[in-house]
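One structure is given below, encoded as structure tokens.
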Amino acid sequence: MIVARHSARLDAAFLALADPTRRAILARLTKGEATVMELAEPFEMSQPAISRHLKMLETAGLIARRADGTRRHCRLADTGLDDVDQWLAMLRKAHDKNYERLDGLLAAMTSKRGEK
């Protein structure tokens with residue numbers, strides 16, 4: 001089962017996504033790689049605070065970081081959202097099955113009304 005196999009990574013991803021600053025950082029990274037300083041620019045917080053956010057995103061597998069001399073670059077991780085996507089797909093599938101059962105029940109009720 002997806003949840004059992006990847007629960008720690010999934011928990012870390014949802015914890016990381018729960019914070020609006022981290023979501024804003026991810027949104028910025030959809031435009032391409034950025035340095036830590038570029039990512040910190042729109043926020044009124046210290047460099048260490050931004051670094052803690054980045055560490056949490058990296059631990060969750062949502063971003064990757066690399067060093068280029070004294071500059072640190074961040075980018076979206078290639079497969080960071082796979083666990084979240086798989087978990088949501090499981091929920092969507094269950095949701096769809098519920099609607100299929102409801103459709104079947106409504107069809108049966110409609111046909112019984114037509115028989116009367």
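Quick notes on this structure:
- Overall, the chain carries a charge dipole of about 260 debye about its Cα centre when +1 sits on the Cβ of Lys and Arg and -1 on the Cβ of Asp and Glu, all other atoms neutral.
- Taking every C-alpha pair closer than 8 Å and separated by at least 6 residues, the mean separation divided by the residue count of the chain gives a relative contact order of 28 percent.
- With only the Cα atoms considered, the chain has a convex hull volume of 138 Å³ per residue.
- The range 12-116: chymotrypsin sites (Phe, Trp or Tyr not before Pro) falling in loop per DSSP and having at most 14 other Cβ within 10 Å: PHE43
- 3J(HN,Hα) along the range 51-58: 4, 5, 4, 5, 4, 5, 5, 5 Hz, from the Karplus curve 6.51 cos²θ - 1.76 cosθ + 1.60 with θ = phi - 60°, whole Hz, x for Gly and Pro.
- Lys/Arg +1, Asp/Glu -1 at C-beta; the chain dipole; positive extreme among THR30, LEU10, LEU102: LEU102
- Projected label distance in nm at LYS55 and ALA18, using a 7 Å step from Cα toward the beta-carbon: 1.8
- Within the shell defined by Cβ-Cβ distances under 14 Å, the residues around ASP68 carry a net charge of +3, with Lys and Arg each +1 and Asp and Glu each -1.
- Sparse packing (at most 15 other Cβ atoms within 10 Å of the Cβ) combined with a DSSP loop state is found for the following trypsin sites (Lys or Arg not before Pro) in the range 6-52: LYS31.
- Net +/- balance of residues flanking LYS55 in space, Cβ distance below 14 Å, scoring K and R +1, D and E -1: +2
- Net charge of Cβ neighbours under 12 Å - reference ALA94; Lys, Arg +1; Asp, Glu -1: +2
- Label-point separation in nm, GLN47 to THR110, each point 7 Å along Cα→Cβ: 6.5
- Residue by residue, the range 66-79 carries 3J(HN,Hα) couplings of 9, 9, 9, x, 8, 8, 10, 10, 10, 8, 5, 6, 4, 10 Hz when phi is fed to the Karplus relation 6.51 cos²θ - 1.76 cosθ + 1.60 (θ = phi - 60°); x denotes Gly or Pro.
Every number in this text was worked out from the coordinates using simple rules, so none of it is lab data. What you are looking at is a predicted structure, and each value in this text was computed from that prediction instead of being measured. Backbone-built Cβ (ideal geometry, glycine too); neighbour counts: all protein chains shown.
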